[in-house]
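One structure is given below, encoded as structure tokens.
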Amino acid sequence: MQSTTIEWCVSKDGSPGFTWNPSTGCLGPGGTVDSPKRCQGCYAASIQARWGKTDLARGFMPEFHEGRLTEPARRRKPTAIFTCSMADLWGDWVPAKWIRAVLKVALECERHTFIFLTKNPKRYIGFGPFPHNVWIGATTRTQQEYSRAADALAEVEAAVRFVSVEPMLGRLYDLHRATPPGSGRPGWKPDWVIIGDLTRSGRPLGKAKDEWVSALTADARRHKIPVFHKDSLEARGFTSRELPGGRHA
Ligand code: SF4
């Protein structure tokens, strides 16, 4: 585990959170071992390549690091832990036993908050309800992606279900999912929304238009959902740093 500068990963006492990577590597949404479909500009793959542990031509193949499972237990101070920042633990290719092993650690270390993020939120279904110290999130860049992710997140019980709209690549203005007719289920909205621009080498590229960010922020406010604007939007005056539970970073 190591301390992180990821601005939304903040422990309860306001100190920086940690990343923990009991699994690394990813095949990308819909990818397989024979035919990986990694996202263009994958941040995790490029970091791993920079560390020299792999190279992009060869892989970023999924691996499980059993020896790292004890790391959270060794940290006494309650910490926000972005889990598998260098992987997508919820890809369809990930063996269920890897996921169960990670969730067991979360259950045993209830002083920490374990934060997950995936591009494949339907994989959460079947592993819930999640322990009270687990937050589950989905990366959604457009309204269409959001709608699919929201349908999956609404199916699973967790203390915090959130969306990370980063990079924001299109208009996304409607966070409330109406009740499917005849389903008997209540409508659904996320517990937290993170918004960020596309960046290259840490520099914002201005892909997230001001009007899109404003519209999504306004929709979140309308539904009383906390909003976190990433640093990539700060220069344009978007400076909300809200966290779930009424906290601020
Ligand atoms: S899903 Fe995430 S980790 Fe996997 S290739 Fe895409 S950006 Fe990288």
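FYI, it's all coordinate maths here, none of it is from the lab. All values reported here derive from a predicted model rather than from experimental measurement. All Cβ positions, even for glycine, are placed from backbone atoms using ideal geometry, and neighbour counts span all protein chains on display.
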Can you work out the FRET efficiency for the pair ARG221 and ASP34, with r the C-beta to C-beta distance and R0 = 51 Å, to the nearest 0.05? 0.65
DSSP-defined antiparallel bridges as percent of all bridges, the chain, nearest 5: 30
Can you pick out the pairs among LYS207/LYS230; LYS119/LYS189; LYS104/LYS230; LYS12/LYS230; LYS37/LYS122; LYS122/LYS207 whose Cα atoms lie more than 22 Å from each other? LYS104/LYS230; LYS122/LYS207
So HIS65 and SER3, fully extended at 0.36 nm per residue minus their Cα-Cα distance, gain in nm 20.5 nm
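Taking 0.36 nm per residue of separation and subtracting the Cα-Cα distance, what length does fully extending GLU155 through TYR173 add? If you can, show how the numbers build up before the last one.
Numbers: separation 18, 0.36 × 18 = 6.48 nm, distance 2.15 nm.
Between GLU155 and TYR173, full extension yields 4.3 nm more.
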Mean residue ellipticity (222 nm) of the chain, computed from DSSP H runs ≥ 4 via -39,500 (n - 2.57), nearest 500: -6000 deg cm²/dmol
For ASP13 and TYR43, calculate 0.36 nm times their separation in residues minus their Cα-Cα distance, and state this gained length in nm to one decimal. 8.0 nm
Note down the Stokes-Einstein diffusion coefficient of the chain in µm²/s, whole number, using a Kirkwood radius over alpha carbon pairs, 20 °C, and 1.002 mPa s. 115
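What size of dipole, in debye to the nearest 20, comes out for the range 2-246 about its Cα centre when the only charges are +1 on Lys and Arg C-beta atoms and -1 on Asp and Glu C-beta atoms?
Dipole of the range 2-246, to the nearest 20 debye: 140 debye.
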